[in-house]
1. Considering segment 35-94, what Rg and Dmax in Å follow from its alpha-carbon atoms?
2. So which of K127/K281; K50/K281; K50/K245; K50/K127; K104/K127 end up more than 29 Å apart, counting from Cα to Cα?
3. Find, among the GluC sites (Glu not before Pro) in segment 185-270, those assigned to loop by DSSP (not H, G, I, E, B) with at most 10 other beta-carbon atoms within 10 angstrom.
4. Highest mean first, how do 167-180, 92-105 rank when packing is the count of other Cβ atoms within 10 Å averaged over residues?
5. To the nearest Å, what is the center-to-center distance of segment 165-191 and segment 136-155, using C-alpha atoms only?
6. I'd like the accessible area for R216, computed on protein heavy atoms only with a 1.4 Å probe and all protein chains in place. Round to 10 Å², please.
7. With equal scatterers on the alpha carbons only and no solvent term, can you work out the Debye log10 of I(q)/I(0) for the chain at 0.06, 0.08, 0.10 1/Å?
8. Among the listed pairs K147/K280; K112/K180; K147/K279; K147/K234, give every one whose C-alpha distance is greater than 18 Å.
Amino acid sequence: MNGFAIPIMVGTGFLLDVFFGDPHWLPHPIRLVGALISWLERGIRACLPKTRGGELLGGTVLVFLVLACSTGVPLGLLWLAARIHPYLMFAVGSVMCYQLLAAKSLRTESMKVCERLEAGDLPGARKAVSMIVGRDTERLSGEGVAKAAVETVAENASDGVLAPLFYMAVGGPALGFFYKAANTMDSMVGYKNERYLYFGRAAARFDDICNFIPARLSAGLMILASGFLGLDGKGAFEIYKRDRKNHASPNSAQTESVCAGALGVELAGDAWYFGVLHKKKTIGDAKRPVVPGDIRLANRLMYGTAILGLLLFGGLSALLYGVWVFPL
């Protein structure tokens, strides 16, 4: 990219996320992607018949249009910045990388759950965890709340941190936005309910494809990180081998199983969604109850995995682009 090292751009974005997280006062581009998805969905549904074929076609059109816009706009901004000055392009690209990472936000929001549980405020903990999970939280016990928060940190270590790092290292910020757009579509329309069973199928399948490699790389790096951090590395590997497929998604249990094994707890299992109980397989062994402190450990494991990922993907990026040093 005009002599600028993508690895350093990604590394700069990672450091910005570590120190500043997601400022609530700053409009986030992923919210714009979400607004685009909602707007396009309404338009597409109005133009196509409400049949199985019409909804499958509409969902496919949605995926194409959202990915085209979400990748084309960052590419255009980077091109415009490069026309002004290469250093401006580096600054813009670094900020884009920063905006695509969610490690600090994930830690901040999950630790709110931990703090409320440790203070004995179960209603407050239920409300805090409802901000970061999709399940119903009104029925959750204290252990159930802690478990939900640990699962969210474990799963989003891949979706919110390692996968964006991987795609940015391979193709810069624009490819990172490509991935985040796919991930956002899945979170908005990739449900198996009456409204999205067919319309959301393309988004759900495409997100599974996009996460296939990053999820497995994330699991391997998390196993290594668990050993470095003094957690149960052997248990992480054993539970990963046994339970990595114990989820409806082909990717979600990859890091959840590692986290469960590293902490020596049982995750997943039955959960309520929109008032309906969904039967799910468990992940890990219930050697002990899940406690609030496990949320803290899960975050430590997430950050350790992210650092290993940054080093691995940064090296991959350097090999791909042949740029090791930022040209001062």
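The values are calculated or read from the model by the stated rules, or taken from the named source; none is laboratory data. Because the structure is predicted, anything quoted here is derived from the model rather than measured. Every residue, glycine as well, gets a Cβ built from its backbone with ideal geometry; the counts of neighbours run over all protein chains shown. For accessibility, only protein heavy atoms count, side chains too; no ligands or nucleic acids. Shrake-Rupley method; radii C 1.70, N 1.55, O 1.52, S 1.80 Å.
1. 16.7, 51
2. From the list (K127/K281; K50/K281; K50/K245; K50/K127; K104/K127), the Cα-Cα distance tops 29 Å for K50/K281; K50/K245; K50/K127.
3. Hits after loop and neighbour filter: E194.
4. Result, highest mean Cβ count within 10 Å first: 167-180, 92-105.
5. Using only Cα atoms, the two centres lie 26 Å from each other.
6. 70
7. Ignoring solvent entirely, the Cα scatterers give -0.21, -0.38, -0.60.
8. As for pairs spanning more than 18 Å Cα to Cα, those are K112/K180; K147/K234.
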